[in-house]
Amino acid sequence: MEHRHLGRTGLRVSRLGLGTLTWGRSTDEHAAADLLKTFWEAGGTLVDTADVYGDGEAEYLLGRLMEGLVPRRDLVISTKAGSVPDPERRFDGSRGHLLSALDASLARLGTDHVDVWHLHAYDPHTPLEETLSVLDLAVSTGRARYAGVSNYCGWQLAKAGTWQLAAPGARNPLASTQMEYSLLQRGIEREVLPAALDLGIGVLPSSPLGRGVLTGKYRKDATPADSRGASDQLAPFVAPYLDQTAGHIVDAVATAADGLAVTPLQVALAWVRDRPGVVAPILGARTARQLTAALSVETLSLPDEICRALDDVSAPVHRYPDHDWSTL
């Protein structure tokens, strides 16, 4: 698998990442082991998790697998902190919480450092400079090699990225931002992606297959029994991408796939993987078979005319002030 630099850093990661959102919940240790081994044997290095995935079980499970299945040195481990199970305060970016969360993550992972540590979301109740100072402390103490953010909107990313660049040597530039991005969700192209490109921050797309909808499995109102759309827990997560607009985009992806003699999954994944600013889409496969199908995209590059057609059919509405003023 090809590797890319994470933003403007010296860290190189595989251009596809492995996500662990369901580990410790619907993905048990046996299935997780198959996923990790399949990913590693294909040349994958970037494995993404978070302290709240499976209430910590995802990190714990990944740590166990690194003990006996895949060498720690072969992986680039990314985890996140800041989300809390509190209905009154969903995100906690305070120094105390974040440092405690990082230490707990390291204990569960069974390692003395993570390669990339992300703030899971923006906390409006904590001064941003306090939150960002924790990233610098984590790097300076060796508990994290690089730092990034997740789910920051355009102005939040621009503010955070600029703050980190304002004191060279004293603060660590943001290496990455993790955001949902696919043919069904191109919202980051308005402000987040331009900010990331300008600041040298690498983009790690989550849900690059439109929460599974871009595989084509839900076409013609079908809902496979073993799909997330049929799960009581995850059906609401999939539902927003089952409308008529999404259906037109999925049909276009399927048409492109037929013309190229590949699958809709491969077309959708190749499109987002090769977008400007993207470093590595994060794959949320549930089985090794699904993961193998996704990894097969490595040899596919979409023709320019296919990319343009998909761009057109999925184009988000960008109006003032997002448009170039010269076109208004």
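Overview of values
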read-out: Residue match in the stretch 49-57 (condition: open to solvent by less than 30 Å² (accessible area, probe 1.4 Å), outside any helix (DSSP H, G or I) and over 24 Å from Leu137 (Cα atoms)); value: no
read-out: Whichever residue in the stretch 1-18 is in contact with a Ser or Thr (Cβ under 8 Å, 6 or more places away or on another chain) and open to solvent by less than 30 Å² (accessible area, probe 1.4 Å) and, among such residues, is farthest from Glu41 (Cα to Cα); value: Gly7
read-out: Pairs where the first residue, in the stretch 234-248, is modelled with pLDDT of 90 or more and the second is open to solvent by 80 Å² or more (accessible area, probe 1.4 Å), C-beta under 8 Å, 6+ apart; value: Gly247/Arg219
read-out: Residue match in the stretch 79-90 (condition: surrounded by fewer than 18 Cβ atoms within 10 Å (Cβ to Cβ), within 22 Å of the chain's Cα centre (by Cα) and either in a helix (DSSP H, G or I) or among the charged types (D, E, K, R) (or both)); value: yes
read-out: Any hit, the stretch 22-43, residues being within 17 Å of the chain's Cα centre (by Cα), at pLDDT 95 or above and open to solvent by 10 Å² or more (accessible area, probe 1.4 Å); value: no
read-out: Tabulated pairs, the stretch 296-324, first at pLDDT below 95, second open to solvent by less than 80 Å² (accessible area, probe 1.4 Å), C-beta under 6 angstrom, 6+ apart or interchain; value: Pro316/Arg186
read-out: Residues of the stretch 61-77 classified as surrounded by 19 or more Cβ atoms within 10 Å (Cβ to Cβ) and assigned to a helix (DSSP H, G or I), total; value: 5
read-out: Boolean, Val134 is open to solvent by less than 40 Å² (accessible area, probe 1.4 Å) and farther than 18 Å from Gly17 by Cα; value: yes
read-out: Top-ranked residue in the stretch 238-291 [being of a type in the set (Lys, Arg) and outside any loop (DSSP other than H, G, I, E, B); ranked as most open to solvent (accessible area, probe 1.4 Å)]; value: Arg289
read-out: Answer from Arg308, Arg273, Arg289 - the residue that is at negative phi and under 17 Å from the mean Cα position of the chain (by Cα); value: Arg273
read-out: Test for Leu214: is it closer than 23 Å to Val47 by Cα, open to solvent by 10 Å² or more (accessible area, probe 1.4 Å) and not in a strand (DSSP E or B); value: no
read-out: Those residues of the stretch 263-304 which are more than 23 Å from Ile188 (Cα to Cα) and among the charged types (D, E, K, R), in sequence order; value: Arg286, Arg289, Glu298
read-out: The stretch 1-40 - residue that is basic (Lys, Arg) and not in a loop (DSSP other than H, G, I, E, B) and, of those, farthest from Ala58 (Cα to Cα); value: Arg4
read-out: Positions within the stretch 53-82 being of a type in the set (A, V, I, L, M) and touching a Gly at 6+ places or on another chain (Cβ under 7 Å), in sequence order; value: Ala58, Leu61, Met66
read-out: When residues of the stretch 99-118 are limited to those that are hydrophobic (A, V, I, L, M, F, W, C) and either touching a residue at least 40 places away in the same chain (Cβ under 8 Å) or part of a strand (DSSP E or B) (or both), the one most open to solvent (accessible area, probe 1.4 Å); value: Ala104
read-out: Verdict on Gln156 being over 15 Å from Asp48 (Cβ atoms), in contact with a strand residue (DSSP E or B) (Cβ under 6 Å, 6 or more places away or on another chain), part of a helix (DSSP H, G or I) and in contact (Cβ under 8 Å) with a residue 24 or more places away in the chain; value: no
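The values are calculated or read from the model by the stated rules, or taken from the named source; none is laboratory data. Everything numeric in this text was worked out from a predicted model, so none of it was measured. Reconstructed Cβ throughout: ideal geometry from the backbone, glycine too, with neighbour counts over all protein chains shown. What goes into the accessible areas is simple: the full protein's heavy atoms, side chains included, and nothing from ligands, DNA or RNA. Shrake-Rupley method; radii C 1.70, N 1.55, O 1.52, S 1.80 Å.
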